[in-house]
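Peer 1: Provided herewith is a single structure, encoded as structure tokens, for subsequent inquiry.
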Amino acid sequence: MALLNFMKPMNELEEGGRTSAPVQRDAGEPEKKCPNCHKEIPLSRLWANDLVCACGYHFRMKARQRIQMIADKDSFRELFSGMHSDNPLNFPGYREKIETVRAASGEKEAIVCGTAMIGNQRCCLFVMESYFMMGSMGSAVGEKITSLFEYAVQYRLPVVGFTVSGGARMQEGLLSLMQMAKTSAAVKRHSDAGLLYIAVLTDPTTGGVTASFAMEADIILAEPGATVGFAGARVIEQTTKKPLPEGFQTAEFVLEHGFVDSIVPRSAQKQYLADILQMHDGRAV
Amino acid sequence: MSDAAYKRVRIARNNDRPTGLDYIRHIFKGFIEFHGDRRYADDPAIVGGIARLEGSPVTVIAIEKGHTAKERTWRNFGAPNPEGYRKALRLMEQAEKFGRPVICFIDTSGAYCGIGAEERGQGQAIAENLMVMSTLCVPVISILIGEGGSGGALALAVADRVWMLQNAVYSVISPEGCASILWKDSAKAETAAASLKLTAEDARNLGVIEKILSEKEIGEKAFYERIRGLLKEELEVLARDAELVGKRYDRFRKIGAAAVMKESV
Ligand SMILES: [Zn+2]
């Protein structure tokens, strides 16, 4: 196992696989170098700490591991798990790519949706999957999000969503672009029904997802250090031919500019979400 | 692979094509331009205001690239900043208040990729337009007249009817951007253009647009008269429709649904 390949921090963390349960390791276990403090951390310690380094650096996390972290024990019921994208435009190389990604990630698509209890509060939950084409939004992701918001309207449930995305999935062309409009319309219906939507932006949340349902929540939270933006930093540099300011497009940057409500570290997220959900359940305590 | 799609991209980008303001001036009468988003600034890349279509007041909004070199620079080559989208939204909400239909002309390589644009929430501005446009209770018609660059174009195209000029293109990413990301080679833009299915015919086949407008006599009186006639006719249909907002939802709701495989699990 490559230990120092932190340019691709995802690889070593895929060990949990589909169930994403923390795995016990042998003596002499592998370590992972933190890109922030540069210390070597034993993987088992990272797993035990929800993939957060002692210095506060948040590593990327698989969708199902995150669900395990955020949902009350055994409360998650998956919805729409059979939906996945075909290759609607016959885009060169897409079918091969998606088959490889499916085998490697154990997921059919770049998002997991369902219902869950968070701190005893029932809600709809979606978590995007960075290990699946960097959470890119194609027809299936758009269809699943839209279906989830429609389900939430039908059963009058709040929605909690964790975003991670490189943006719209270009291999599905215009169909991907249209998912921005489709999901936004579903969020609007949910909002107009008086229901609560909380988004948690995780690293990275960019492109067409930022420009649609990530930024449409009633309450928008972000993980520390997460990249949050619309255009890619490299594209901006090339377009403007200017150096980017320090900390550009980080969660802290978007907080400072007024586009998120709060930055919440992973260890505090469950309680934080439970508190907000409870404040909206219509009951006095 | 055929280079036909990329030829369309070149035509769509041609500086000699009529721009948004040309359409506004020739199709409508008595255009009065309104400026500013009331929050930060006025974005010259988006123009908007009110005008008359065959006598009836409408709200018109256009992304404007400009004609001369100086004007093109001033208008940021038709790449809007967040304040442009917020101005458009303000004018659309005003249209709703006064019961006027909204007509948008779209021509952009994309929302501007700049430091200030990010600081002022480019993503949030586009997202809000998508959300609010989905439930505007007045008819909305959007026409792509040149480049339809991704979210920056869609932000004015959550409409009851979306039409494209014959040589306009509509794409999730520029063919050059797609080629450089996927194949690390921007010279493969022709292959990317063909693969992205970005022509007007492709968009119609995918159910993304309703109508392709011929470019016969483009820029001439007859051309604008033809579009004026089509707009008037379509607005009459939409004005009678009591289910407008629901149908707009369904219009976008079904896009891509056929591309999704549903296994029973
Ligand atoms: Zn560290």
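The values are calculated or read from the model by the stated rules, or taken from the named source; none is laboratory data. Predicted model only: the values in this text are computed from it and were never measured. Glycine gets a Cβ as well: all are built from the backbone with ideal geometry, and neighbour counts include every protein chain shown. The area values use the complete protein model at the heavy-atom level, side chains included, leaving out ligands, DNA and RNA. Shrake-Rupley method; radii C 1.70, N 1.55, O 1.52, S 1.80 Å.
Peer 1: How do the pairs read when you match residues in segment A:248-271 that are without any contact (Cβ under 8 Å) to a residue 12 or more places away in the chain with residues anywhere that are assigned to a helix (DSSP H, G or I), using Cβ under 8 Å and keeping only pairs 6 or more apart or on different chains?
Peer 2: Within 8 Å, the pairs are A:HIS257/B:GLU119.
Peer 1: I would also like to ask the following. Output the residues belonging to segment B:2-18 that are crowded, with 20+ Cβ neighbours inside 10 Å and under 17 Å from the mean Cα position of the chain (by Cα).
Peer 2: B:ARG8, B:VAL9, B:ALA12, B:ARG17, B:PRO18
Peer 1: Residues that are under 11 Å from the mean Cα position of the chain (by Cα) and either part of a loop (DSSP other than H, G, I, E, B) or β-branched (Val, Ile, Thr) (or both): does segment B:166-180 have at least one?
Peer 2: yes
Peer 1: Next question. Just to be sure, is A:VAL235 within 14 Å of chain B (Cβ to nearest Cβ) and open to solvent by 60 Å² or more (accessible area, probe 1.4 Å)? So that I can check it myself, show each step before the final result.
Peer 2: Working: within 14 Å of chain B (Cβ to nearest Cβ): yes; open to solvent by 60 Å² or more (accessible area, probe 1.4 Å): yes.
Judged against the criteria, A:VAL235 is a match.
Peer 1: Write out, first by first residue and then by second, each pair whose Cβ atoms fall under 9 Å of each other, whose residues are 6+ apart or on separate chains, and whose first residue, in segment A:135-150, is on the phi > 0 side of the Ramachandran plot while the second is part of a helix (DSSP H, G or I).
Peer 2: Close Cβ pairs satisfying both conditions: A:GLY135/A:ALA63; A:GLY135/A:VAL141; A:GLY135/A:VAL209.
Peer 1: Okay, next question. Give the number of residues within segment B:246-265 that are within 15 Å of B:VAL162 (Cβ to Cβ) and more than 7 Å from every other protein chain (Cβ to nearest Cβ).
Peer 2: So the answer is 5.
Peer 1: From the list A:LEU125, A:LEU46, pick out the single residue that is within 23 Å of A:VAL264 (Cα to Cα), in contact with a strand residue (DSSP E or B) (Cβ under 7 Å, 6 or more places away or on another chain) and not assigned by TED's automatic domain parsing to the domain that holds A:VAL164.
Peer 2: A:LEU46
Peer 1: Name the residues in segment A:87-126 that are acidic (Asp, Glu) and either in contact (Cβ under 8 Å) with a residue 40 or more places away in the chain or out of contact with any helix residue (DSSP H, G or I) (no Cβ under 7 Å at 6 or more places or on another chain) (or both), would you?
Peer 2: First pass over segment A:87-126, keeping only residues acidic (Asp, Glu): A:96, A:99, A:107, A:109.
If the condition is that a residue be acidic (Asp, Glu) and either in contact (Cβ under 8 Å) with a residue 40 or more places away in the chain or out of contact with any helix residue (DSSP H, G or I) (no Cβ under 7 Å at 6 or more places or on another chain) (or both), then A:GLU96, A:GLU99, A:GLU107 are the ones that fit.
Peer 1: Now for a different question. I'd like the residue in segment B:235-245 that is assigned to a helix (DSSP H, G or I) and open to solvent by 30 Å² or more (accessible area, probe 1.4 Å) and, out of all such residues, is farthest from the other protein chains (Cβ to nearest Cβ).
Peer 2: B:GLU236
Peer 1: Among the numbered criteria (1) within 12 Å of chain B (Cβ to nearest Cβ); (2) open to solvent by 50 Å² or more (accessible area, probe 1.4 Å); (3) at pLDDT 95 or above, which single criterion is violated by A:MET117?
Peer 2: A:MET117 satisfies all of (1) within 12 Å of chain B (Cβ to nearest Cβ); (2) open to solvent by 50 Å² or more (accessible area, probe 1.4 Å); (3) at pLDDT 95 or above except (1).
Peer 1: Something else now. Residue by residue through segment A:148-174, note down the ones that are open to solvent by less than 10 Å² (accessible area, probe 1.4 Å) and part of a helix (DSSP H, G or I).
Peer 2: Once the filter is applied, which keeps residues that are open to solvent by less than 10 Å² (accessible area, probe 1.4 Å) and part of a helix (DSSP H, G or I), segment A:148-174 yields A:LEU148, A:PHE149, A:ALA152, A:GLU172, A:GLY173, A:LEU174.
Peer 1: Checking B:GLY207 against (1) within 17 Å of the chain's Cα centre (by Cα); (2) more than 7 Å from chain A (Cβ to nearest Cβ); (3) closer than 30 Å to A:GLY82 by Cβ; (4) in a helix (DSSP H, G or I), which single condition isn't satisfied?
Peer 2: (4)
Peer 1: Among the residues of segment A:45-77, how many are outside any loop (DSSP other than H, G, I, E, B), within 16 Å of the ligand (Cβ to nearest atom) and open to solvent by 30 Å² or more (accessible area, probe 1.4 Å)? Can you show your working first?
Peer 2: If we filter segment A:45-77 for residues that are outside any loop (DSSP other than H, G, I, E, B), which is where we start, we get A:45-48, A:52, A:58, A:63-70, A:77.
Filter again for within 16 Å of the ligand (Cβ to nearest atom), leaving A:45-48, A:52, A:58.
Applying the additional criterion that residues be open to solvent by 30 Å² or more (accessible area, probe 1.4 Å) yields A:45, A:48.
Qualifying residue count, segment A:45-77: 2.
Peer 1: Of the numbered conditions (1) open to solvent by 50 Å² or more (accessible area, probe 1.4 Å); (2) away from the ligand (no atom under 16 Å from the Cβ); (3) modelled with pLDDT of 95 or more; (4) not β-branched (Val, Ile, Thr), A:ALA27 satisfies every one except a single condition; which is it?
Peer 2: (3)
Peer 1: Limited to segment A:175-234, what total is found for residues that are part of a loop (DSSP other than H, G, I, E, B) and under 27 Å from A:ASN36 (Cα atoms)?
Peer 2: Residues in segment A:175-234 being part of a loop (DSSP other than H, G, I, E, B) and under 27 Å from A:ASN36 (Cα atoms): 9 in total.
Peer 1: Assess whether B:GLU83 counts as being over 30 Å from A:PHE248 (Cβ atoms), more than 9 Å from chain A (Cβ to nearest Cβ) and in a helix (DSSP H, G or I). Break it down into steps so the answer makes sense when it comes.
Peer 2: Values: over 30 Å from A:PHE248 (Cβ atoms): no; more than 9 Å from chain A (Cβ to nearest Cβ): yes; in a helix (DSSP H, G or I): yes.
It is false that B:GLU83 is over 30 Å from A:PHE248 (Cβ atoms), more than 9 Å from chain A (Cβ to nearest Cβ) and in a helix (DSSP H, G or I).
Peer 1: Any residue in segment B:133-149 that is open to solvent by 10 Å² or more (accessible area, probe 1.4 Å), of a type in the set (Val, Ile, Thr), facing chain A (nearest Cβ under 10 Å) and over 28 Å from B:ASP250 (Cβ atoms)?
Peer 2: The answer is no, given that none of the residues of segment B:133-149 is open to solvent by 10 Å² or more (accessible area, probe 1.4 Å), of a type in the set (Val, Ile, Thr), facing chain A (nearest Cβ under 10 Å) and over 28 Å from B:ASP250 (Cβ atoms).
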